[in-house]
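Below is one structure; the comments refer to it alone.
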Amino acid sequence: MARMQRLMTNLFGSWFALRQRFPAALLDEMTRAIAAGERRHRGEVCFAVEARLAPLAVLHGLDAPGRAHEVFAQLRVWDTEHNNGVLLYVLLAEHRIEIVADRGIAARVTASEWEAVCAQMRHAYARGQWQEGSLQGIGAVHDLLAAHFPSDGEPRPDELPDRPVLL
């Protein structure tokens, strides 16, 4: 998407879509799904949704992958004991889904596996199935973490908040 087109998309993107597509009841359900899934592995999952980027940031070249990395740092997803935090980032205005994984899990999961999760979510979102797409994405990330960092059965502290973040 060209920068000017992205600027217009973000400039006129609706802030109201964020609460319409991610109401409190869905956020509660996503929180429960993240918490339940984290009991299956030693990773941490964080979900962040943003309505649109600031127009000035777009003019300066910020795109969805760049913003996802900023959010990864801002939410301290990198700051986990086993370096296996995963951020699911959704940018509504540009219809983008990005996954940023810390080095511990990134070394074990291929880019195509992460892209498959994003594609599954995009497909559901395109049909207006925000709940299904979000929960499927969370579940798929938990499956990948469980395959590479399975739970050792010991209770462990929750290193990151489970509630999705609306930016």
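The values are calculated or read from the model by the stated rules, or taken from the named source; none is laboratory data. Keep in mind that this is a model prediction, so the values were computed, not measured. So basically every Cβ, Gly included, is an ideal-geometry build from the backbone, and we count neighbours across all protein chains shown.
Within the range 51-60, is even one residue modelled with pLDDT of 95 or more, crowded, with 18+ Cβ neighbours inside 10 Å and either outside any loop (DSSP other than H, G, I, E, B) or aliphatic (A, V, I, L, M) (or both)?
no
Quick one: count up the residues across the range 128-167 that are free of Cβ contacts under 8 Å to residues at least 60 places away in the same chain, part of a loop (DSSP other than H, G, I, E, B) and more than 20 Å from residue 19 (Cβ to Cβ).
4
Test residue 24 against the stated conditions and say whether it is more than 17 Å from residue 88 (Cα to Cα), among the small types (Gly, Ala, Ser) and exposed (fewer than 14 other Cβ atoms within 10 Å of the Cβ).
yes
Please go through the range 58-72 and pick out each residue that is small (Gly, Ala, Ser) and either farther than 20 Å from residue 118 by Cβ or touching a Lys or Arg at 6+ places or on another chain (Cβ under 8 Å) (or both).
Once the filter is applied, which keeps residues that are small (Gly, Ala, Ser) and either farther than 20 Å from residue 118 by Cβ or touching a Lys or Arg at 6+ places or on another chain (Cβ under 8 Å) (or both), the range 58-72 yields 61, 64.
Pairs only if they're at least six apart or on different chains, beta carbon under 8 angstrom, first in the range 72-91 and without any contact (Cβ under 8 Å) to a residue 40 or more places away in the chain, second loosely packed, with under 15 Cβ neighbours inside 10 Å; list them, first residue then second.
83/103
Pick out the one residue from 111, 124, 116, 107 that is among the small types (Gly, Ala, Ser), surrounded by fewer than 16 Cβ atoms within 10 Å (Cβ to Cβ), over 19 Å from residue 66 (Cα atoms) and free of Cβ contacts under 8 Å to residues at least 24 places away in the same chain.
107
Could you give me the residue pairs with C-beta distances under 8 Å whose first residue belongs to the range 44-64 and is without any contact (Cβ under 8 Å) to a residue 12 or more places away in the chain and of a type in the set (Val, Ile, Thr), whose second residue is surrounded by 17 or more Cβ atoms within 10 Å (Cβ to Cβ) and assigned to a loop (DSSP other than H, G, I, E, B) wherever it lies, and which are 6+ apart or on separate chains?
none
May I ask you to list the residues in the range 22-33 that are out of contact with any Pro (no Cβ under 8 Å at 6 or more places or on another chain) and among the hydrophobic types (A, V, I, L, M, F, W, C)?
Within the range 22-33, 24, 25, 26, 33 meet the criteria.
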